[in-house]
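S.K.: Below are the structure tokens for one structure; questions will follow.
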Amino acid sequence: MTEKPARPADFTLSVRATDQDVPRVHAWVQQAADTIGLDSSVVFALQLCLEEAVSNIARHSEGPALPVNLCLHAAPGRLTLRVEDPGRPFDPTQIPAPPAPRTLEEAEIGGLGIHLIRQFSSGQAYERVDGVNRLALYFDA
Amino acid sequence: MGRGRGWGAEPPQESKGPNLSEDTKDPEITILRPQGRLDLAGAPSLDTLLSKAAATHRFCVVDLSQIAFLASVGIRALLHAARDLNAKGGRLVLSGPTREVAKVLAVSGVAALLPIVPDLAEAIRLAKPDARETG
């Protein structure tokens, strides 16, 4: 049974920006989805965007794996996913969309993660506050 | 940790990567049937098998019907294999993606680069016209 959240609910998780922590992120999304009742297509979109966002932070940071704080805010009809990391300033919303490859040889993966985030979320916002990258992703639910 | 409503038989944190199988009765074509999630945890297994397949075959079909999740790391594995097969005059064909996986393939541009068909038998025909499914 799928029920839309009647009241706002928040779910939080702290992980490290490593590929190894991504399964924990997926499990956290599934638990939240089970609690509030989300369609599988929304779960897919949340997990895809989070995998790409966290792996992007891992790829663009140097030194030890950065802490990443995640918050999923569920309100009726709308989900907001916040991803915060203290790494160097990086605004993914300003990365241009990769050109559509015409041949297999041209196809590059760079920038694809951000492209997928744009396609699978309904909106994105970025701000840099007190040395922290704050990415907000919005989803219709 | 109750998890009464999931969308897969196993919760994601227990994913150990896709289970993979091959039908190789035709020496030039291989059929891969991965199961599970092509995410950071699961895609490396498919990448390894695709590399092996591309080293020993010219034509490859990947049946995606049992794949519940696809991220950019999985796309990377598919594109690498497709390039390797193309370089030796072969081809990679994808079949049976679920709706969400098909959307990932479409928006990432893969659908414009690789044949993707709903049906496995059609995929085998496209990969190598004189092949027959023997599995």
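The values are calculated or read from the model by the stated rules, or taken from the named source; none is laboratory data. Small disclaimer: the values here were computed from a predicted structure and weren't measured. Ideal geometry is used to build each Cβ from the backbone, glycine not excepted, and the neighbour counts take in all protein chains shown.
S.K.: Show the residue pairs that are 6+ apart or on different chains and have beta-carbon atoms under 7 Å apart, the first residue being within the range A:35-54 and at the interface with chain B (Cβ under 7 Å from one of its Cβ atoms) and touching a residue at least 12 places away in the same chain (Cβ under 8 Å), the second being buried (at least 23 other Cβ atoms within 10 Å of the Cβ) and part of a loop (DSSP other than H, G, I, E, B).
M.R.: Short answer, once both residue conditions are applied: A:48/B:71; A:51/B:39; A:51/B:40; A:51/B:71; A:52/B:71.
S.K.: Looking only at the range A:119-141, how many residues end up being closer than 22 Å to residue B:105 by Cα and more than 9 Å from chain B (Cβ to nearest Cβ)?
M.R.: So the count comes out to 8.
S.K.: Please enumerate the residues belonging to the range B:46-80 that are of a type in the set (S, T, N, Q) and under 11 Å from the mean Cα position of the chain (by Cα).
M.R.: Within the range B:46-80, B:65, B:66 qualify.
S.K.: Sticking with this structure for a sec: Taking the criterion of being within 16 Å of residue A:118 (Cβ to Cβ), surrounded by fewer than 16 Cβ atoms within 10 Å (Cβ to Cβ) and not aliphatic (A, V, I, L, M), would at least one residue in the range A:69-88 satisfy it?
M.R.: Within the range A:69-88 (the criterion being within 16 Å of residue A:118 (Cβ to Cβ), surrounded by fewer than 16 Cβ atoms within 10 Å (Cβ to Cβ) and not aliphatic (A, V, I, L, M)), the answer is no, since none of the residues qualifies.
S.K.: Just for strands (runs of 3 or more DSSP E) wholly inside the range B:54-135: which have at least 2 residues that are out of contact with any Ser or Thr (no Cβ under 6 Å at 6 or more places or on another chain) and more than 14 Å from chain A (Cβ to nearest Cβ)?
M.R.: Numbers: elements: B:59-63, B:67-70, B:91-95.
Answer list for the range B:54-135: B:59-63.
S.K.: Looking at residue A:76 and the list (1) in contact (Cβ under 8 Å) with a residue 24 or more places away in the chain; (2) closer than 22 Å to residue A:13 by Cβ; (3) not hydrophobic (A, V, I, L, M, F, W, C), which single condition is not satisfied?
M.R.: Only one criterion is unmet by residue A:76, namely (2).
S.K.: Looking only at residues in the range A:99-139 that are under 22 Å from residue A:86 (Cα atoms), crowded, with 20+ Cβ neighbours inside 10 Å and of a type in the set (A, V, I, L, M, F, W, C), which one is modelled with the lowest pLDDT?
M.R.: Among them, the one singled out is A:114.
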